[in-house]
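The values are calculated or read from the model by the stated rules, or taken from the named source; none is laboratory data. Treat the numbers as computed from the prediction; the structure is a model and nothing was measured. In this analysis, Cβ positions are derived from the backbone assuming ideal geometry, glycine residues included, and neighbour counts consider all displayed protein chains.
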Amino acid sequence: MPVETQDFYRNIKIEIDGEPYKVVECQHVKPGKGVGYVKTTIRNLLNGRTRQETFRSGETYDQPMLESKKMQYLYKDDDHFVFMDNDNYEQIRVDPQAVEEIADLLQENGEVEILFWEDKPIQVDLPTFVDLEIVEAPPGVKGNTAQGGTKRVTLETGAEVEVPLYLERGEKVRIDTRSREYVERVNE
């Protein structure tokens, strides 16, 4: 399905020279004179490389034929991440480049969305929010709470995030996977 450059937005997928790309950043520019254009940063979904690209307004690009499947993350072996199809229990191995942006938030047995292009897994997406346990947390310093202070903690997956000072080791927190920010404490 073709999409015009003036309809580009962050995370839209387009096809350029037969390869799928994702628009990482985009800025629509309308100069006083002449034709408008769109300045973008695009990421090749096959090899992970990013580049700057400027598109003229009015150009059209095809959207790649992509298939999305819900799968479960099992484990990481030497070179790949292993996922299981929730429907037929088939396991697939995914290259690290498809997971690199979210690898430190992947939780064993956690559900993910995998994007396939021509039956090849090219991108792994987490749910919008994940609940993870704090495994390392420095003590909160009294007196730093007037402004709602924060401290850096390590989560069970290895990710480091800023959380309020009162949170301690062993507590579960909800993290927004898009911004990597603390949302709330999770009571079980």
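Based on this model, can you work out whether GLN147 counts as at pLDDT below 90, out of contact with any Pro (no Cβ under 8 Å at 6 or more places or on another chain) and part of a strand (DSSP E or B)? Considered against the rule, which asks whether it is at pLDDT below 90, out of contact with any Pro (no Cβ under 8 Å at 6 or more places or on another chain) and part of a strand (DSSP E or B), GLN147 comes out as no. Can GLY34 be described as of a type in the set (Gly, Ala, Ser) and either free of Cβ contacts under 8 Å to residues at least 40 places away in the same chain or in contact with a strand residue (DSSP E or B) (Cβ under 7 Å, 6 or more places away or on another chain) (or both)? Judged against the criteria, GLY34 is a match. Would you call VAL99 among the β-branched types (Val, Ile, Thr), surrounded by 14 or more Cβ atoms within 10 Å (Cβ to Cβ), modelled with pLDDT of 85 or more and farther than 18 Å from VAL186 by Cβ? Yes, satisfied. Summed over region 102-120, residues that are within 18 Å of ASN11 (Cβ to Cβ), surrounded by 15 or more Cβ atoms within 10 Å (Cβ to Cβ) and within 17 Å of the chain's Cα centre (by Cα) total 6. Only one of THR54, THR50 is hydroxyl-bearing (Ser, Thr, Tyr) and either more than 19 Å from ARG178 (Cα to Cα) or touching an Asp or Glu at 6+ places or on another chain (Cβ under 8 Å) (or both); which? THR54 is the lone residue from the list that is hydroxyl-bearing (Ser, Thr, Tyr) and either more than 19 Å from ARG178 (Cα to Cα) or touching an Asp or Glu at 6+ places or on another chain (Cβ under 8 Å) (or both). For region 20-57, a tally of residues being among the acidic types (Asp, Glu) and under 20 Å from the mean Cα position of the chain (by Cα) returns 1.
Across region 169-188, the qualifying residues are those that are more than 23 Å from the chain's Cα centre (by Cα) and surrounded by 13 or more Cβ atoms within 10 Å (Cβ to Cβ), and the one among them that is farthest from THR128 (Cα to Cα) is ARG169.
Find all pairs meeting these conditions: Cβ atoms under 6 angstrom apart; at least six residues apart or on different chains; first residue within region 84-109 and closer than 14 Å to VAL124 by Cβ and in the same structural domain as VAL135 (by TED's automatic domain parsing); second residue polar (S, T, N, Q) and surrounded by 12 or more Cβ atoms within 10 Å (Cβ to Cβ). Between residues of region 84-109 that are closer than 14 Å to VAL124 by Cβ and in the same structural domain as VAL135 (by TED's automatic domain parsing) and residues that are polar (S, T, N, Q) and surrounded by 12 or more Cβ atoms within 10 Å (Cβ to Cβ), there is no close pair. Scanning region 58-94 for residues that are out of contact with any Phe, Trp or Tyr (no Cβ under 6 Å at 6 or more places or on another chain) and more than 14 Å from ILE12 (Cα to Cα) yields a total of 23. Filtering region 130-142 to residues that are in a loop (DSSP other than H, G, I, E, B) and among the charged types (D, E, K, R) leaves only LYS142. For region 98-107, indicate whether the set of residues that are touching a Lys or Arg at 6+ places or on another chain (Cβ under 6 Å) and under 21 Å from VAL183 (Cβ atoms) is non-empty. Scanning region 98-107, I find no residue that is touching a Lys or Arg at 6+ places or on another chain (Cβ under 6 Å) and under 21 Å from VAL183 (Cβ atoms), so the answer is no.
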